[in-house]
Amino acid sequence: MPICSKCRSQFEIAQEDLLFYDKISPVFSNKKFQICAPTLCPECRQQRRLCFRNERKLYKRKCDFSGKQIVSAYSPEKPCTVYDSEIWWSDKWDAFNYGRDFDFQRPFFEQFDELQKIVPRPALVNMSSENSIYTNHAVYNKNCFMCVNTGYSEDCLYVTNYSIYDKNCVDCLAIQNCELCYFCVDVKQGYSCSFLYRCEDCDNSNFCYDCRSCSNCFGCFNLRKKSYCIYNKQYSKDDYLGELAKIQKSSWTDLIAIYNKFWALVKQKAIHQGIMIEKCENCTGDRLTNDKNTRHSYYTFDAEDCAYCYDAGAIKNCFDITEPYKGELEYETHACNINYNIMFCSKCYENSNLSYCQYCWYSSDLFGCFGMKRQKYCILNKQYSKQEYEELVPKIIEHMQKSTPLSPPYPRGVEWSQFFPPSLSPFGYNEVIANEYFPLDKKQAQEQGFNWSDYESPLPKVEKIIKADELDRDQKFLIQESNDILNYAVECSQTQRPFIIQKAELEFYRKMNLPISHLHPDIRHQMRMDLRNPRKLWDRACQKCRLQIQTSYSPDRPETVYCEKCYLGTVY
């Protein structure tokens with residue numbers, strides 16, 4: 001087995017992988033330009049793509065076109081041209097104005113880096129949304145705040161990670177078709193719920209794990225079609241309401257105490273399915289739904305003949321892709337939706353036959369382009385005829401197949417068949433979601449070739465700052481009718497970073513009878529991320545039948561883990 005050139009771990013290249021690389025290798029004038037087998041392991045390949053994805057770190061900066069103050073994923077000191085999204089989508093500028101000839105005396109990545117720094121880029125990836133300027137990697141949202149990777153949602157705050165068709169939800173991750181939900185993770189069809197994880201079709205329930213078709217349950221796990229249960233004990237409706245009233249949850253401190261007690265109980269007594277693969281055929285990975293012939297993938301649905309895919313839906317014949325939707329024949333892409341036959345691209349939508357492109361929409365046959373819309377046969381943003389394009393691209397590929405000279409920050413070695421190097425990311429490693437899955441400190445990140453951002457956003461402008469623990473003691477912040485908190489910034493009890501409570505957020509807490517959080521939104525997001533298992537499989541024995549299984553629960557973890565057969569036989 002090959003050894004990863006970055007982390008030095010061994011990894012597998014299967015025969016199916018080689019067949020895929022051969023299938024997608026481009027052909028020009030009857031000559032095939034072979035896509036080489038990767039030199040990085042799947043985890044390092046994913047980390048490299050994710051260092052181009054800043055979702056949640058948003059900043060105030062000026063639009064480089066109008067000078068207007070805007071919200072952007074790019075902090076003010078970033079060496080790139082950023083336009084307000086409305087202007088970027090308009091005809092007020094022309095991407096061809098930045099085109100240039102390819103220089104065969106220089107590496108491709110060096111030339112692309114120069115191009116990407118001057119071609120305008122949209123401040124946020126936020127399409128067709130209304131009153132949702134603080135949303136990123138999002139589409140068709142209304143009245144949403146700090147929602148990322150969300151779509152078709154309304155009146156939501158701090159909702160992330162492939163959440164769609166939600167309404168009036170706060171502090172949730174990976175939820176679909178939910179309403180009035182708080183601090184829920186991996187939940188479908190939830191209504192008026194809080195602190196749910198891996199639940200489906202539940203209502204009026206709190207602190208539940210792996211429950212389905214349940215209502216009016218509290219502190220429960222592994223239940224199916226149950227109502228009026230507390231910590232898995234059945235009650236009558238009246239007794240349930242009476243017992244629930246005794247549970248003190250009027251303050252954030254109370255809620256966190258219940259939260260910690262509940263998760264200790266789940267780890268001690270719940271049955272955990274080794275991997276969650278539903279309605280799939282010939283698949284490996286975790287959290288897969290309705291997939292076929294899909295390997296080493298995580299959080300995918302409707303995927304067929306795919307491998308090494310993450311947070312993906314409705315894809316076919318795709319390898320090594322992150323955050324795609326409706327793609328076919330994609331390889332080493334990030335945030336590329338509704339594409340056909342594209343490789344080594346980032347944030348490109350509704351294209352075909354693209355290589356090494358970023359921020360390109362509705363185009364085909366582009367190589368090394370940035371910010372192009374509705375174009376064809378372009379290289380480094382310069383227009384060519386079909387014949388010229390098909391003659392020049394093979395020469396560029398041959399140039400990329402040769403070793404490049406050492407020229408920091410560009411890596412030495414063959415450029416062809418490699419995704420963009422981390423040095424080309426406009427973000428610091430501490431800004432991107434790679435740091436959520438592969439955490440590094442500044443020294444480690446820079447030693448591994450990643451960028452780092454030392455920019456600090458100005459503190460919020462408010463009249464006063466209140467320490468979080470004072471919220472529980474000061475009665476004026478517990479009164480339902482009081483809006484006093486909107487005049488304060490709350491000092492996070494963990495990080496001491498101040499954060500502001502939004503008016504819509506306060507109204508939600510009132511509606512759900514919830515206290516104001518003591519934690520900065522970033523800490524709350526990390527708490528939800530920590531509930532999820534690593535995107536990695538270990539060998540472990542089922543703790544009931546002793547069958548050897550692969551699972552996302554490492555052998556040293558305390559949870560009781562069953563194989564699929566034993567899990568289904570126990571829970572249902």
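The values are calculated or read from the model by the stated rules, or taken from the named source; none is laboratory data. Everything numeric in this text was worked out from a predicted model, so none of it was measured. Ideal geometry is used to build each Cβ from the backbone, glycine not excepted, and the neighbour counts take in all protein chains shown.
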**OP:** Could you list, in sequence order, all residues of the range 535-567 that are in contact (Cβ under 8 Å) with a residue 40 or more places away in the chain and aliphatic (A, V, I, L, M)?
**Re:** L537, I549, V561
Original post:
Given the conditions (1) part of a loop (DSSP other than H, G, I, E, B); (2) within 29 Å of I523 (Cα to Cα), which single one is not true for Y158?
Top reply: (1)
Subject >> Residue list for the range 311-326, filter: within 16 Å of C280 (Cβ to Cβ) and of a type in the set (S, T, Y) >> reply: none
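Per-residue answers, yes or no, for (1) buried (at least 19 other Cβ atoms within 10 Å of the Cβ); (2) out of contact with any Phe, Trp or Tyr (no Cβ under 8 Å at 6 or more places or on another chain); (3) under 20 Å from Q550 (Cβ atoms); (4) at pLDDT below 95:
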| position | (1), (2), (3), (4) |
| --- | --- |
| K269 | no, no, no, no |
| C283 | yes, yes, yes, no |
| T294 | yes, yes, yes, no |
| E304 | no, yes, no, no |
| Y308 | yes, no, yes, no |
| D311 | yes, no, no, yes |
| I321 | yes, no, no, no |
| P324 | yes, yes, no, yes |
Original post:
Looking at the range 360-381, which of its residues are within 18 Å of A335 (Cβ to Cβ) and aliphatic (A, V, I, L, M)?
Top reply: L366, M372
**OP:** Identify all residues within the range 337-363 that are of a type in the set (S, T, Y), in a loop (DSSP other than H, G, I, E, B) and out of contact with any Lys or Arg (no Cβ under 7 Å at 6 or more places or on another chain); write none if there are none.
**Re:** Y356
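Looking at the structure I just gave you, is L180 assigned to a strand (DSSP E or B), in contact (Cβ under 8 Å) with a residue 40 or more places away in the chain and under 27 Å from the mean Cα position of the chain (by Cα)?
yes
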Original post:
Within the bounds of the range 87-96, is there any residue that is touching a Ser or Thr at 6+ places or on another chain (Cβ under 8 Å), not basic (K, R) and not in a loop (DSSP other than H, G, I, E, B)?
Top reply: yes
**OP:** Could you look through the range 1-58, keep only residues that are aromatic (F, W, Y) and part of a helix (DSSP H, G or I), and pick out the one that is surrounded by the most Cβ atoms within 10 Å (Cβ to Cβ)?
**Re:** F20
**OP:** Any chance you could count how many residues in the range 366-412 are in a strand (DSSP E or B), out of contact with any Lys or Arg (no Cβ under 8 Å at 6 or more places or on another chain), modelled with pLDDT under 95 and surrounded by 14 or more Cβ atoms within 10 Å (Cβ to Cβ)?
**Re:** 1
Subject >> When residues of the range 146-170 are limited to those that are closer than 13 Å to G190 by Cβ and in contact with a Leu (Cβ under 9 Å, 6 or more places away or on another chain), the one surrounded by the fewest Cβ atoms within 10 Å (Cβ to Cβ) >> reply: K167
**OP:** For the range 133-145, enumerate the residues that are farther than 16 Å from H334 by Cα and surrounded by 23 or more Cβ atoms within 10 Å (Cβ to Cβ).
**Re:** T135, N141, C144
Subject >> Inter-residue pairs, beta-carbon under 7 Å, first farther than 22 Å from N337 by Cβ and in the range 142-170, second charged (D, E, K, R) and assigned to a loop (DSSP other than H, G, I, E, B), 6+ apart >> reply: N143/D155; K167/D155; N168/D155
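Please work out which residue is surrounded by the most Cβ atoms within 10 Å (Cβ to Cβ), limiting yourself to the range 224-248 and to residues that are of a type in the set (D, E, K, R) and without any contact (Cβ under 8 Å) to a residue 60 or more places away in the chain.
So, considering only residues that are of a type in the set (D, E, K, R) and without any contact (Cβ under 8 Å) to a residue 60 or more places away in the chain, the one surrounded by the most Cβ atoms within 10 Å (Cβ to Cβ) is K226.
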Subject >> Residues satisfying the stated conditions in the range 221-253, i.e. in a loop (DSSP other than H, G, I, E, B) and either of a type outside the set (K, R) or out of contact with any Leu (no Cβ under 7 Å at 6 or more places or on another chain) (or both) >> reply: N222, L223, K225, K226, Y231, N232, Y235, S236, I247, Q248, S250, S251
